[in-house]
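Colleague: Provided herewith is a single structure, encoded as C-alpha cells, for subsequent inquiry.
Coordinate-derived values only; no laboratory data. Only a predicted model underlies this, so the values are computations on that prediction, with no experimental measurement involved. When we count neighbours, we look across all protein chains shown, and the Cβ atoms used for this are built from the backbone with ideal geometry, even at glycine.
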Amino acid sequence: MNYAFASGRDTTGRMIEIFFRTLPFFAIIGLGYWAGRTRFFSPEATAYLTKFVFFFALSAMIFRFSANLSFAEIFDPRLIIGYLAGTMAVYVLVTLIAALRGLDMQTAAVEAQCGAIGNVGFLGLPMMVILFGEASIGPMMLVLSVDLVVFSSLIVILINADRGSGLGLATFKLVSAGLVKNPMIVSICCGLIWSALALPLPAPVNEFLTILGGAATPGALFAIGASLAGKSAERVQIAVWLSFAKLVCHPILVAIGVLWLLPLDAYSATVVISAAALPVAGNVYMLAQHYGVAPQRVSATILFSTMASIISVPLMISWVSTLVGLS
C-alpha cells in the first residue's frame, strides 16, 4: 500500500511530500484548463470528453474495482453513518447561513450541495488509489454511494418541493430515474453483483476493462480543467465562503463523525476525511444549470475550490494523517 507519508518526519515534511504526490493530478487539470482557455479544446470537445469518461472509462474502472471486492468486504455501517453525519452537518450549516441571508429554499439547497459534494468520482478515486493504495477503493465506493444516493436525491426533492411538486409520485420517479441512469451507481451495483456471484472476470474482459479504465484518470482530470476554463468568477464573496465550507468545514465535520462519533480505524478514517476535502463536483453545476438555480455562483465555487485545493488537499491529508497517527 502507498500510504507511508514521510515516515519519521515532521508535519511540514509530510505535507510537502503529499503536495508533490498530488501535484501531477493538478498539473493535468492545469493542462486541460490551458487547452480550454486557448480554445485548443472547444466546449463541445470538452462535453464529449466528459461524456466518454463518465459513461465509459470511469464506469469501466469502477466496475473492475467493485467486481474484485465483496459486499461484505467494503460495507461498513459505521463509515456510512459517520460520513453521512459529517456531510449532513455541513449541509445544514450552509443551509442555515443561506436562510439567514434571506435566500429561498432552492438557492439554499444548491449552496448546501456545494458545501457537501466533492469531486469523488473524477478526482477522488484515482487520487486516493495513488496516495493510499487499492485498499482505499472500498471506503471511496461508500463515500461515492452516499453522495449519489442521499445528497443527489435530496437536492432534487428540495427543489421540487419548493416548486410545489412535494414528495409525490412525480418527484419519486424523477429521483429514481436519476439514480438508475447514473453510470457510477450502475457500475458499482453491477460490479458487486458480479462479485457476489463469485464469477471470475475472463482474461480478455479484465484486460478490456483495464485498458478502458486506464483512460479514466487522465481523461477525467483533463476534462475537469477544460471545463473550468468556461467557469466564471462572479459572486466572488459567496464563492469564497462556499469553497471554505467545502474544503475546510466539510472534512473537519466528517473527521468528528468518523473519529469521535463512530470511530473508524486510522486508515479508513484518513481516506474518508481526505475524500471530504476534495473540491466541489462538476455535477453540482449541471444540476444548478438544469433547474436554473444560481448556476453562476456554483460555477465560481467550482473554479475557486479547485484552484485552492492544490494547497488545501495536501494540507488536509497531512493534518488528518498526523491526527490519526498514520505514517
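Colleague: Based on the Kirkwood radius over alpha-carbon pairs, what is the Stokes-Einstein translational diffusion coefficient of region 26-165 at 20 °C with 1.002 mPa s viscosity, in µm²/s?
Modeller: Values: Rh = 17.4 Å.
So the translational diffusion coefficient is about 123 µm²/s.
Colleague: Evaluate the distance, in nm, between pseudo-label points positioned 7 Å from the Cα of Met105 and of Gln237 along their respective Cα→Cβ axes.
Modeller: Result for the modelled spin labels: 2.8 nm.
Colleague: What number comes out for the charge environment of Gly82, summing +1 per Lys or Arg and -1 per Asp or Glu over other residues with Cβ under 15 Å away? The partial results should precede the final answer.
Modeller: Numbers: positive: Arg78; negative: Asp76, Asp147, Asp265.
Result for the local shell: -2.
Colleague: Among Met140, Met128, Met105, whose mean-square fluctuation peaks in a Gaussian network model of the chain (Cα, cutoff 10 Å)?
Modeller: In the Gaussian network model the winner is Met105.
Colleague: Add -39500 (n - 2.57) for each DSSP H run of 4 or more in the chain, then divide by its residues: what number comes out at 222 nm, to the nearest 500 deg cm²/dmol? Walk me through the numbers on the way to the answer.
Modeller: Details: 18 runs with 234 residues, N = 327.
Roughly -22500 deg cm²/dmol at 222 nm, from the helical runs in the chain.
Colleague: Additional query: For the chain, modelled as a GNM with alpha-carbon contacts under 10 angstrom, which of Val254, Val94, Val156 fluctuates the most?
Modeller: In this elastic network of the chain, the residue with the biggest mean-square fluctuation among Val254, Val94, Val156 is Val156.
Colleague: Say we join alpha carbon atoms closer than 10 Å with springs in a Gaussian network model of the chain; which of Leu100, Leu315, Leu264 then has the biggest fluctuation?
Modeller: Among Leu100, Leu315, Leu264, the largest GNM mean-square fluctuation belongs to Leu100.
Colleague: Can you give the extra length, in nm with one decimal, that the chain gains between Phe71 and Ala135 once fully stretched, where that is 0.36 nm per residue apart less the Cα-Cα distance?
Modeller: On the way: separation 64, 0.36 × 64 = 23.04 nm, distance 1.39 nm.
Using 0.36 nm per residue and subtracting the Cα-Cα distance, I get 21.6 nm.
Colleague: Excluding Val110 itself, what net charge comes from residues whose Cβ is under 14 Å from its Cβ, given Lys and Arg +1 and Asp and Glu -1?
Modeller: Details: positive: Arg101, Arg163, Arg235, Lys246, Arg297; negative: Asp104, Glu111, Asp162.
Result for the local shell: +2.
Colleague: Rounded to the nearest 0.05, what FRET efficiency do Trp260 and Ile311 give with R0 = 41 Å and r taken as the Cβ-Cβ distance? Could you check?
Modeller: Values: r = 26 Å, r/R0 = 0.65.
After rounding to 0.05, the efficiency reads 0.95.
Colleague: Counting only residues 5 or more places away or on other chains, whose amide H sits under 5 Å from the amide H of Phe41 once H atoms are built in the peptide plane?
Modeller: Correct list: Gly36.
Colleague: Mean shadow of the chain, computed from the convex hull of its alpha carbons, in nm²? Walk me through the numbers before you get to the answer.
Modeller: On the way: hull surface 66.7 nm².
Dividing the Cα hull surface by four gives the mean projection, 16.7 nm².
Colleague: Using θ = phi - 60° and the Karplus curve 6.51 cos²θ - 1.76 cosθ + 1.60, what whole-Hz ³J(HN,Hα) does each residue of region 289-297 get, with Gly and Pro shown as x?
Modeller: 5, 4, 8, x, 10, 6, x, 5, 5
Colleague: Below 13 angstrom from the Cβ of Leu201, what's the summed charge of the other residues (Lys, Arg +1; Asp, Glu -1)?
Modeller: Details: positive: Arg64; negative: Glu207.
Computed value for this residue: 0.
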